[in-house]
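Accompanying notes for the structure given below.
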Amino acid sequence: MREVAGTLTALYESMTAPAVAERWRAGGPWVQARRRRLLPLSAVDTLPPGRRFVVSAARSLQAPGATGTDARLHSAMALVSLAFLEGFVSDVHTGETLQHCPLAPGAGAGADRGSAHWQGRRAAGQQGAELIVRLNPCRGG
């Protein structure tokens, strides 16, 4: 959280690590409430016991007035519970990848074509996860 707070302070406004943690915690109930309205529980409560489906994404961050990406916000979320599993801010050189996603044997992971390169797929496989990915036919791997 210190790294996230430092990056947010540098790019946007002064923020402490405890303030970042509190905002993440406070957002959980809102996200879950939205999920219940947009996606009925009966549609997602069909996972076998002990299984978890994780979605991973990264978002580019830009400082006010910037013309390019300054940093990236990486996150991973359990799809059924909408619990955040991982979140951190990286520099512009760290791309979207499943290598940052906390997975375990029996977990399912979904990723878009930005995360679907071979290194990330290999890392997920080594953790025992099963993958659903959108491949980009124009990229190697």
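Contact map, segment 40-69: residues that are modelled with pLDDT of 80 or more paired with residues that are exposed (fewer than 10 other Cβ atoms within 10 Å of the Cβ) and of a type in the set (S, T, Y), Cβ distance under 8 Å, separation 6+ or inter-chain. No pairs are found.
Taking segment 45-77 as the range and being of a type in the set (D, E) and either surrounded by 12 or more Cβ atoms within 10 Å (Cβ to Cβ) or within 17 Å of S115 (Cβ to Cβ) (or both) as the test, only D70 passes.
Among the residues examined, P102 qualifies as within 12 Å of the chain's Cα centre (by Cα), at negative phi, modelled with pLDDT under 85 and part of a loop (DSSP other than H, G, I, E, B).
Mind checking which residues of segment 118-135 are crowded, with 17+ Cβ neighbours inside 10 Å, in contact with a Ser or Thr (Cβ under 8 Å, 6 or more places away or on another chain) and within 16 Å of P105 (Cα to Cα)? Within segment 118-135, G120 is the sole residue that qualifies.
Yes or no: V133 over 30 Å from L11 (Cα atoms) and touching an Asp or Glu at 6+ places or on another chain (Cβ under 8 Å)? Criteria met by V133.
The values are calculated or read from the model by the stated rules, or taken from the named source; none is laboratory data. On a predicted model such as this, the values are computed, not experimentally measured, just so you know. Heads up, the Cβs are rebuilt from the backbone with ideal geometry, glycines too, and the neighbour counts pull from every protein chain shown.
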